[in-house]
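The values are calculated or read from the model by the stated rules, or taken from the named source; none is laboratory data. Quantities reported herein were computed from a predicted structural model and do not represent experimental measurements. Here the Cβ positions follow ideal geometry from the backbone for every residue, glycine too, while neighbour counts run over all protein chains shown.
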Amino acid sequence: MLDATPKAAAKTLVSVRGLKMYFPIHTGLLRRHTGDVKAVDDISFDILEGETLGLVGESGCGKSTAGRALIRLYDITGGSVKINGVEIGQAEQSVLRPMRPTMQMVFQDPQASLNPRMTLASIIGEPLEEHTKLSKVEKLARIYELMDAVGLNRTFANRYPHEFSGGQRQRIGIARALALNPKFIVCDEPIAALDVSIQAQVVNLLEELQDRLGLTYLFISHDLSMVRHIADRVAVMYLGKVVELSPRDEIYADPLHPYTEALLSAVPEPDPSLENTRERIILKGDVPSPANPPDGCNFCTRCPKVMDICRKVEPQFIEVMPGRFVACHLHGQTNQTTNQKPAG
Amino acid sequence: MLTYTIRRLILAIPVLLLISLIIFMLLKLAPGDPMAQMPLTVPPEVKAKMRAALGADKPLLVQYLLWLKQFFVVEPLHIIGNMTGYDLAGNAQRVISWQTRSPVADIIAQRLPQTLTVVGMSYLIGVAIALPIGILSAYRQYSWFDQIGTFVSMVGYSVPTFFTGVLLIVIFSVDLGWFPSIYDTTLKVVDWASFLKQVRQMAMPVTVLALYNAAQISRFMRASMLDNLGQDYVRTARAKGMGERVVVLTHVLRNSLIPVVTVIALGVPQIFGGAIITEQVFKVNGLGQLLITAIYADDLPMVQTLTFIFAVLIVLFNLIADILYGILDPRIRYD
């Protein structure tokens, strides 16, 4: 309990319980509903106010879907999502609309996510029109303020998205997300489409804005080094499920789940002498289809430490050490003793 | 944009000259003789004189150049002269229809209003119903509305107008007697009763053509909307918390309209071309019907003039479509 007190000081801003997002599969002549792609299958976690939760995993594991489902850009299949104390899991879109200012999203592809026929000023200004009653002058002042905040020259206000570079476009996307003073921003691979030299600029901008405005981020990425840089806690997803959730330093130093271990072993080491001794865990086989996940643990088909129980029983996502959650039979009931050690 | 437009207009001149040459030569190659309709009792030397009077005995190139001069210099001067009252062209030879022996331009001027009211109205109505149908079909893809819309546009597109036209005549004129089957050009709209009569006689040809036009345009609209509905910026708009109406009508529709406007603009020359078959079915004496009768009668000057006017309109509206594209899409700049 003592461990929990510093955490209790920070309020839980986002609370996800049993979030499910299934995409139906229709086949046959009559287009019958014959199955589901379980893009996000029963995930639960909390995000504390002011922190950055990194969400990592390989392509197609459901990271982006989770991020979008979280702020209800999809109609979710099941589960509950509480943002700032308000349950939005099953809310109607019309009820959600006034809540949009609280939760925003920075999208992956800065080119495609901006309307090509709107000028920068109208892209940033549109949410202000919808959600606030600012006068024209106030709105323009706010647009300029946002452009300053993300480091865009004010003279660009009447330009169109295609006239900007990738990094500048992503700044527009960030300015747009910031327009309504959100508390929570889902950053869906905001740097994946950018040049390496620009990535650092954008990430530093995100960090700086977080410090200044007290933002909370869900940072979705497959760039493990970048997540290590920006995140306070890291959640690892595999095939629609969160397999491990731990504070950053612990997860990078001592990954609990075999998948996390394999994933982290793929991060290159900048020091050449250490790089040679780095032991990579190469996973065999492909990720199973999310439409037809294996029985038991989703990872059992590729896990180097697979046991008999893994193929039969689905492991529970439990807190095995303070602040460290994992879904793995290696750290199941048997490890309860280690869990109790600090108490004893 | 202005320099682009001017450049395109200058480029249009050689294009149109080439088209005019092709039209001229094709029609010369076609079988038929302006004297074919003359009675057999007319002696050959008289026929030869008549031919010489028409200029049909000169070499092809000379005939072509003379026709160009008539078409581009003499006719415009006559038309401007008629409108302003000044005699600009003097006694210069006009393009004369071989059928009626009156100037081609005058006949076209008589026929144009009918075509514009009937075919133009059908195009307007077709566009007006096609756009909402296309938008709604795309927004509710695979819904009942969409399925019915798909079926209706398939029918409208695949069933020819000479069939739907006759079908409507059989049902609504012959059986029910609601609408007249023949379009009365002499009708003057002066009061409410004559206006209603005009509406009634326009109803069937307009319906037939509107169905055909709407089928085509609604398909384009639907496809273009579907293309854009799946785009990332639509998700961004929803994430901004914009209402569905704003998302669909401002973000998606404005982007989807770009290709549709082009298609609509390119369809406008067809209005002037007249719906040849439909005009024939409903006896609307517009340009389409004029062209058909001119072809039957071997009236080469008339056919030449009409075909060339259509060519000019097509080139012109291609240019207009391109300019519209540049205005609607900020990514396209012609400079």
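For the range A:119-156, give me the residue count where each residue is in contact with a Phe, Trp or Tyr (Cβ under 8 Å, 6 or more places away or on another chain) and either acidic (D, E) or buried (at least 18 other Cβ atoms within 10 Å of the Cβ) (or both).
Number satisfying all stated conditions: 2.
What residue, of B:V248, B:V208, B:V252, is part of a helix (DSSP H, G or I), in contact (Cβ under 8 Å) with a residue 24 or more places away in the chain, farther than 19 Å from B:A321 by Cβ and at the interface with another protein chain (Cβ under 10 Å from one of its Cβ atoms)? Don't jump to the end; show me each part of the working.
Values: B:V248 fails: at the interface with another protein chain (Cβ under 10 Å from one of its Cβ atoms); B:V208 fails: at the interface with another protein chain (Cβ under 10 Å from one of its Cβ atoms).
Checking each option against the conditions leaves just B:V252.
Of all the criteria given as (1) under 15 Å from the mean Cα position of the chain (by Cα); (2) of a type outside the set (S, T, N, Q); (3) surrounded by 18 or more Cβ atoms within 10 Å (Cβ to Cβ), the one not satisfied by B:R238 is (1).
Of the residues A:R176, A:R171, which single one is of a type in the set (K, R) and out of contact with any Lys or Arg (no Cβ under 9 Å at 6 or more places or on another chain)? Please lay out each step first, then the result.
Details: A:R176 fails: out of contact with any Lys or Arg (no Cβ under 9 Å at 6 or more places or on another chain).
Being of a type in the set (K, R) and out of contact with any Lys or Arg (no Cβ under 9 Å at 6 or more places or on another chain) holds for just one of A:R176, A:R171, which is A:R171.
Would you please name the residue that is farthest from A:S15 (Cα to Cα), looking only at residues in the range A:81-98 that are within 14 Å of another protein chain (Cβ to nearest Cβ) and surrounded by 17 or more Cβ atoms within 10 Å (Cβ to Cβ)? Talk me through it step by step, then tell me what you get.
Restricting attention to the range A:81-98, the residues satisfying the condition of being within 14 Å of another protein chain (Cβ to nearest Cβ) are A:83, A:88, A:91-98.
Those still in the list that are surrounded by 17 or more Cβ atoms within 10 Å (Cβ to Cβ) too: A:83, A:88, A:96-97.
Details: A:I83: 6, A:I88: 11, A:L96: 17, A:R97: 19 Å.
Among those residues, the one meeting the criterion is A:R97.
Please indicate, with yes or no, whether at least one residue in the range B:78-100 is outside the structural domain of B:F220 (by TED's automatic domain parsing) and at positive phi. Yes, the conditions are met somewhere in the range B:78-100.
Are any of the residues in the range B:226-235 of a type in the set (S, T, N, Q), more than 14 Å from chain A (Cβ to nearest Cβ) and assigned to a helix (DSSP H, G or I)?
In the first step, residues of the range B:226-235 are kept if they are of a type in the set (S, T, N, Q); the result is B:228, B:231.
With the extra rule that they be more than 14 Å from chain A (Cβ to nearest Cβ), the set shrinks to none.
No: the range B:226-235 contains no residue that is of a type in the set (S, T, N, Q), more than 14 Å from chain A (Cβ to nearest Cβ) and assigned to a helix (DSSP H, G or I).
Among the residues of the range A:118-154, those that are under 14 Å from A:R169 (Cα atoms) and in a loop (DSSP other than H, G, I, E, B) comprise A:M118, A:T119, A:V150, A:G151, A:L152, A:N153. Looking at B:D329, B:D322, B:D299, just one residue is surrounded by fewer than 23 Cβ atoms within 10 Å (Cβ to Cβ), closer than 25 Å to B:L17 by Cβ and acidic (D, E), and that residue is B:D322. Among the conditions (1) within 13 Å of chain A (Cβ to nearest Cβ); (2) of a type in the set (A, V, I, L, M, F, W, C); (3) out of contact with any Phe, Trp or Tyr (no Cβ under 8 Å at 6 or more places or on another chain), B:I258 misses just one, which is (3). For the range A:52-62, the tally of residues that are over 11 Å from A:V186 (Cα atoms) and buried (at least 20 other Cβ atoms within 10 Å of the Cβ) stands at 4.
So if I check each of B:Y123, B:Y142, which one is touching a residue at least 40 places away in the same chain (Cβ under 8 Å) and among the aromatic types (F, W, Y)? Talk me through it step by step, then tell me what you get.
Numbers: B:Y142 fails: touching a residue at least 40 places away in the same chain (Cβ under 8 Å).
Going through B:Y123, B:Y142 in turn, just one is touching a residue at least 40 places away in the same chain (Cβ under 8 Å) and among the aromatic types (F, W, Y): B:Y123.
Taking the criterion of being crowded, with 19+ Cβ neighbours inside 10 Å and either more than 11 Å from the chain's Cα centre (by Cα) or closer than 20 Å to B:L68 by Cα (or both), the residues of the range B:266-279 that qualify are B:T278, B:E279. Is it true that some residue in the range B:36-50 is in contact (Cβ under 8 Å) with a residue 40 or more places away in the chain, surrounded by 14 or more Cβ atoms within 10 Å (Cβ to Cβ) and either assigned by TED's automatic domain parsing to the domain that holds B:V268 or more than 27 Å from B:Q289 (Cβ to Cβ) (or both)? No, the range B:36-50 contains no residue that is in contact (Cβ under 8 Å) with a residue 40 or more places away in the chain, surrounded by 14 or more Cβ atoms within 10 Å (Cβ to Cβ) and either assigned by TED's automatic domain parsing to the domain that holds B:V268 or more than 27 Å from B:Q289 (Cβ to Cβ) (or both).
Within the range A:103-118, the set of residues being more than 7 Å from chain B (Cβ to nearest Cβ), of a type in the set (S, T, N, Q) and crowded, with 19+ Cβ neighbours inside 10 Å comprises A:Q108 only.
A quick yes/no check of all residues on (1) within 14 Å of another protein chain (Cβ to nearest Cβ); (2) in a helix (DSSP H, G or I); (3) at positive phi:
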site: B:L266; (1), (2), (3): no, yes, no
site: B:N285; (1), (2), (3): no, no, no
site: B:L290; (1), (2), (3): no, yes, no
site: B:A294; (1), (2), (3): no, yes, no
site: B:V312; (1), (2), (3): no, yes, no
site: B:F317; (1), (2), (3): no, yes, no
site: B:I327; (1), (2), (3): yes, yes, no
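Quick check on the range B:218-226. Is at least one of its residues surrounded by fewer than 20 Cβ atoms within 10 Å (Cβ to Cβ) and either outside the structural domain of B:P269 (by TED's automatic domain parsing) or touching a Phe, Trp or Tyr at 6+ places or on another chain (Cβ under 7 Å) (or both)? Looking through the range B:218-226, none of the residues is surrounded by fewer than 20 Cβ atoms within 10 Å (Cβ to Cβ) and either outside the structural domain of B:P269 (by TED's automatic domain parsing) or touching a Phe, Trp or Tyr at 6+ places or on another chain (Cβ under 7 Å) (or both). When the residues of the range B:179-196 are filtered to those that are free of Cβ contacts under 8 Å to residues at least 12 places away in the same chain and small (G, A, S), the one that is surrounded by the fewest Cβ atoms within 10 Å (Cβ to Cβ) is B:A193.
Of the residues B:P132, B:P180, the single one that is within 27 Å of the chain's Cα centre (by Cα) and at pLDDT below 90 is B:P180.
Of the residues examined, B:I258 is one that is surrounded by fewer than 21 Cβ atoms within 10 Å (Cβ to Cβ), in the same structural domain as B:S173 (by TED's automatic domain parsing), touching a helix residue (DSSP H, G or I) at 6+ places or on another chain (Cβ under 7 Å) and closer than 26 Å to B:I135 by Cβ.
Mind checking which helices (runs of 4 or more DSSP H) fall wholly inside the range B:111-194 and carry at least 1 residues that are under 30 Å from B:L229 (Cβ atoms)? Can you show your working first?
Working: elements: B:121-139, B:144-158, B:161-168.
Ranges flagged: B:121-139, B:144-158.
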